[in-house]
Structures are given as C-alpha cells and as structure tokens.
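The values are calculated or read from the model by the stated rules, or taken from the named source; none is laboratory data. Since the structure is predicted, the reported quantities are computational estimates derived from the model, not experimental observations. Here the Cβ is made from the backbone with ideal geometry for all residues, glycine too, and neighbour counts use every protein chain on show. Only protein heavy atoms, including side chains, enter the accessible area calculation; ligands, DNA and RNA are left aside. Shrake-Rupley method; radii C 1.70, N 1.55, O 1.52, S 1.80 Å.
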There are 2 protein chains.
Amino acid sequence: MTGTVEADNHPFVRKVASVALFDLSEPERKALAGLPMHVARYEAHQDVVVEHDRPNRCFAVLSGLAATYKTTRDGRRQVVAYHVPGDVPDFQSLHLEVLDFSISAVTDLRIGFVAHDALRAMFDAHPRLGDVFWRTTLIEGALSREWMLNNGRRESYPRMAHLFCELMVRMEVVGLATGHSCPLALTQYELADALGISSVHVNRILKELRERGLITLSGGRLTIHDWTALARAGEFDPTYLHLKETDS
Amino acid sequence: MTGTVEADNHPFVRKVASVALFDLSEPERKALAGLPMHVARYEAHQDVVVEHDRPNRCFAVLSGLAATYKTTRDGRRQVVAYHVPGDVPDFQSLHLEVLDFSISAVTDLRIGFVAHDALRAMFDAHPRLGDVFWRTTLIEGALSREWMLNNGRRESYPRMAHLFCELMVRMEVVGLATGHSCPLALTQYELADALGISSVHVNRILKELRERGLITLSGGRLTIHDWTALARAGEFDPTYLHLKETDS
DNA sequence: CGACTAGTTGAACGACGTCAACCGTTGTGG
DNA sequence: CCACAACGGTTGACGTCGTTCAACTAGTCG
C-alpha cells in the first residue's frame, strides 16, 4: 500500500472527496489525512456534547450512529438530525461559541475529535477545503428543511416511510447498505423522537409498513423490501440530499 | 456625511457587522459596500426563486418579509424560515447548484441581487468575510433546529407563542420594532403553513392569545402586550438566535 | 429466576383537521 | 356610486389522527 491509498481511506478524505465538486489535490489530501485526531468511544445513549457546551474541537463520526437533539423544558425530545459515519455533526462549533443542541450516541459510537485550531489552520492553508466543509453544513441545512416539511406536513405513515428512505440512501452512500438493507439500531422511542410522534404510534405505523410488505426493522437492521412502494408512500425525492451524480 | 457613514448604512455592512465577532476593517467595509447590487421589487405572494432553480446570484432582503417554503406533492405547504431585512436567504446557492426550496415575498419586498462571482471574489480577497457569512448560514441552521423542536414537540398554543417571540426579537435586532410592536403582515394561512397546523386552528389559538391579553395581530402589525407571559408560554429562550450580547 | 428494557395491543380521550356557513373589508367594473 | 366578487377572518359541528394510560409479552442480563 502506498501513502496515497492510505490517505484515501482516511475518513475525512473520503467524506470531503464525496462532497467536493472538484478533485482533491495531493496537498489537500495530505492536509486532511494529517489532521491530528483523537479517537474516542461512546456507548449507546451517552451524550457526546450537550447544549450550552463551548467546545474547542469538532468531531467526526467514524462508526456507529449519532443523533442531534433538543428538548423542551418538560423533557420532550426532538431528534433534529442523524449522523452516519463521515459526518461532522458539530461543525458549527467552529463559528458559533455555544452549542444550541446536544448530540448523543444512538448505537455504540467511535468518533474522532479534531481541534478547532487545526481545522482553522488547514482552511487558511487550503481555502478550497473550507468551501467543501461549508458545503457540508449547507447540505445539513437542506436536510433540516426536508425534515420540517416531512414532520410538519405529512402524516405519520408517509413520514416514517420518508425517513427510512433517507436513512437508507445515506447508508448506501457511505457503503453501509447492501441490497436495500442496512444496520439501523433505532428503538421505537428514538424513532418517535425523530418523527415528532409517540412511541405507541410508531409501533402501529411500523406494524402497518411491515404488514404491507414494505420494510422490516428488527434486530438492529432495516430492510426495505419494496423500495418503489416505500419511496412512493413517503414522496421521497433525493434531490435535497445534494448527492453528486452516481448510480441511483 | 462621509463615505464611511454611507458604507455603514449599507445593508451588507450592517448585517455583517451585526454578526461578525470582530470589528470590520476599512477595506472589508469598502468591499461589502462596493458589491455590485441589482435592486428589484416583488409584490406580496410572488416567488423570488423556486425549487430546482440554479441561480448564479444571491439576494439580500432590503425591506419587507420573505419566506422560504417547501411543498408536498399534493400542494401542502411548509414555511421553513422567515427572512427579515438584512438576511441573505438563498446564500446556499453559492455552494449548492440546485435549490431545494422556494422563496416568496410575504409582503411587498425589496431585495438586492449580488452575483455569485462578485461574492466569491470578495471572499478570496477578504477571507474573514467568508467566515462571517458562513456564520450566518450556521445561525440559520440553529433556527431550523429550534423550529423543528417547536413544531414537533410543542402544542399549537406554545408553538405560536414561540414563533411570535422569535419574530419580535429578530425585528428588534434590525430596528423594526418599537416597544414590543412591529410590522408583521402575515395572514392566518401563512401562519398555519409556518406552524404546521390548519388556518382554522390558527384562528382559534390567535383568539386565545388575544383574549388572554398576550398579543394582538391585526392591521399587519404584531403587538406583544405581555412579553413575560408570552415567552413563558412559548418556553422562549433566545440563545439559539446566537445574538451578540447587547441589551435584552 | 427476577429485574429491566423494548415491543405490542386495546380502550378512552383529546388536539387538531375538515367542512361549511357567515361576516367584514377591499377593490373593481358597470 | 353601487353591485358584487374575492379574500381573509370567525365560528360551530363533527370527524379523525395521534396520544395517553395501562396491561401484557418477549428478550436480555446479572
């Protein structure tokens, strides 16, 4: 293996390459792969950062699933984003001092911390990389908007269908899905918090999706048996994910 | 009047100065004020940009109120953000080719278009300004998250209270509110689309807020009679707006 | 084997939606 | 200058989607 191949397997290089609209230069690859990264592990349900924190570092998800969430005063929880490997969920801490959300491990999680200073130095030296990271934060914004539409204007059946479509596509993009099946260890409570409904209702909708032969979600695994029907039910159009054209 | 004062009244200079964590240098002010801007007017309910557009320019709201929205296939509409003067609602078009949302004029609107090329040139010459605009897009992301919590986990009464609190604070920041009263020409239909409820229900909640003496919304004007009670009802905590410390 | 957690299901309730009628204001054209 | 259409707001009656409460099951861990 050459150094180049090694760098290409680095999570940052993979992620940035998948988002950038240009080919990364060799110095850019080196800068990304050379970022000093501190790897840490979290168990499911642990918080990585919490609201009001003032981090001096960002982190990338290396493996597992993370969730950004907020809570009301009386403890009701709303998941506002899920993060698959490669994502940098608290990137905004680079420019906004105090966090307005918390991020927790949904499953066992491996993450890599990178100091703000190191990132800033890299962006100074390689401005195009800054633009790519900017692009990633804008894509996250696009996901937020789609979630708002989904949670605000679709009933729970299509709403859940839409969420499963999104998660499957994103898992496919990072190579974690095979044949419309991917690891997804979400409890029904967590699903409820993402969809803005109750866990009891999640259970009923899940049952309906299962009985109609669209999906199964069990054993920490989501399998979509009828992609076409699920996408139709959820009115799923992946444009908002802003993927670069690959296959479908 | 000196050239400096003139520049300080320029919408971009005002906006950037209000968001930046540092003092703008004179060259930076000049660059902002010197951006070639094409002013245009839109009547209420006209679209400025629509989903799937591929703009080669951004625009700033100069006066009036704009709304970013998305629709489901059957035409149900969800407003995902409001934009007050100074905001640059489609900034993401600088980095994402195709729009995943539409933006319409809520009231009569005056906007200023700025070509992407001009912005890119400015960011190359003044990297700190790029960081400030990045910061603004991250703040918009914070608003999205708060909206998701609000729409997903609060019932319609506190939900509407929260929205009015947010809008009032934002109007105050740009100097359009006096004594908890500001122009706000939203119809009940539009309010419904922002809150994810029906217009009939908006009417009822509005009546309740009015009868409890918290607000009045009429004649294109929102007046908050009891800020404390409204903020309490909406569990409003302005942290997520990421304002720089001024008054309260 | 007991304790705990996640899932499942029924029944009653409630928040909100839908439908429909009606009112008030505005603006336009005969 | 009035008629009337168009639109936004208001209200009641009723339907429904989703919640809440509660009981029960199944799997897992010590």
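Checked against (1) in a helix (DSSP H, G or I); (2) more than 14 Å from DNA strand D (Cβ to nearest atom); (3) farther than 22 Å from B:Arg153 by Cβ, B:Val169 meets all criteria but (3). Within the set B:Thr239, B:Thr187, B:Thr216, B:Thr228, the sole residue that is of a type in the set (S, T, N, Q) and within 22 Å of B:Leu109 (Cα to Cα) turns out to be B:Thr187. The single residue among A:Leu217, A:Leu230, A:Leu222 that is outside the structural domain of A:Pro11 (by TED's automatic domain parsing) and within 16 Å of DNA strand D (Cβ to nearest atom) turns out to be A:Leu217. Just the residues that are among the charged types (D, E, K, R) and surrounded by fewer than 18 Cβ atoms within 10 Å (Cβ to Cβ), please, taken from region A:9-23. Result: A:Arg14, A:Asp23. Checking region B:43-52 against the condition returns a match, with at least one residue being away from chain A (no Cβ under 14 Å), more than 16 Å from DNA strand C (Cβ to nearest atom) and under 22 Å from B:Met171 (Cβ atoms). Here are B:Arg159, B:Arg135: which of them is in a helix (DSSP H, G or I), at pLDDT 95 or above, open to solvent by 10 Å² or more (accessible area, probe 1.4 Å) and away from DNA strand C (no atom under 16 Å from the Cβ)? Only one candidate passes the filter, namely B:Arg135.
One residue alone among B:Val106, B:Val79 is within 16 Å of DNA strand C (Cβ to nearest atom), closer than 17 Å to B:Glu190 by Cβ, buried (at least 16 other Cβ atoms within 10 Å of the Cβ) and not acidic (Asp, Glu), and that residue is B:Val79. Can you find a residue in region A:200-207 that is in contact with a Phe, Trp or Tyr (Cβ under 7 Å, 6 or more places away or on another chain) and not assigned by TED's automatic domain parsing to the domain that holds A:Val16? Scanning region A:200-207 turns up at least one residue that is in contact with a Phe, Trp or Tyr (Cβ under 7 Å, 6 or more places away or on another chain) and not assigned by TED's automatic domain parsing to the domain that holds A:Val16. When we screen B:Thr68, B:Thr136, B:Thr107, B:Thr72 for residues that are of a type in the set (Ser, Thr, Tyr) and within 25 Å of B:Glu245 (Cβ to Cβ), the only hit is B:Thr136. Against the conditions (1) more than 8 Å from chain B (Cβ to nearest Cβ); (2) within 23 Å of A:Trp227 (Cβ to Cβ), A:Ala121 satisfies every one except (2).
Residue count for region A:142-162 satisfying the condition of being at the interface with chain B (Cβ under 9 Å from one of its Cβ atoms) and under 17 Å from B:His52 (Cα atoms): 4. Of the strands (runs of 3 or more DSSP E) lying entirely inside region A:61-112, those carrying at least 3 residues that are facing chain B (nearest Cβ under 8 Å) are A:66-71, A:77-83. Annotation: of all residues in region B:186-198 being among the small types (Gly, Ala, Ser) and open to solvent by less than 30 Å² (accessible area, probe 1.4 Å), the one that is nearest to DNA strand D (Cβ to nearest atom) is B:Ala192. Taking region A:199-242 as the range and being open to solvent by less than 30 Å² (accessible area, probe 1.4 Å), away from every other protein chain (no Cβ under 13 Å) and more than 16 Å from DNA strand C (Cβ to nearest atom) as the test, the residues that pass are A:Ile224, A:Ala229, A:Leu230. Residues that are assigned to a strand (DSSP E or B) and without any contact (Cβ under 8 Å) to a residue 40 or more places away in the chain within region B:184-216 comprise just one, B:Thr216.
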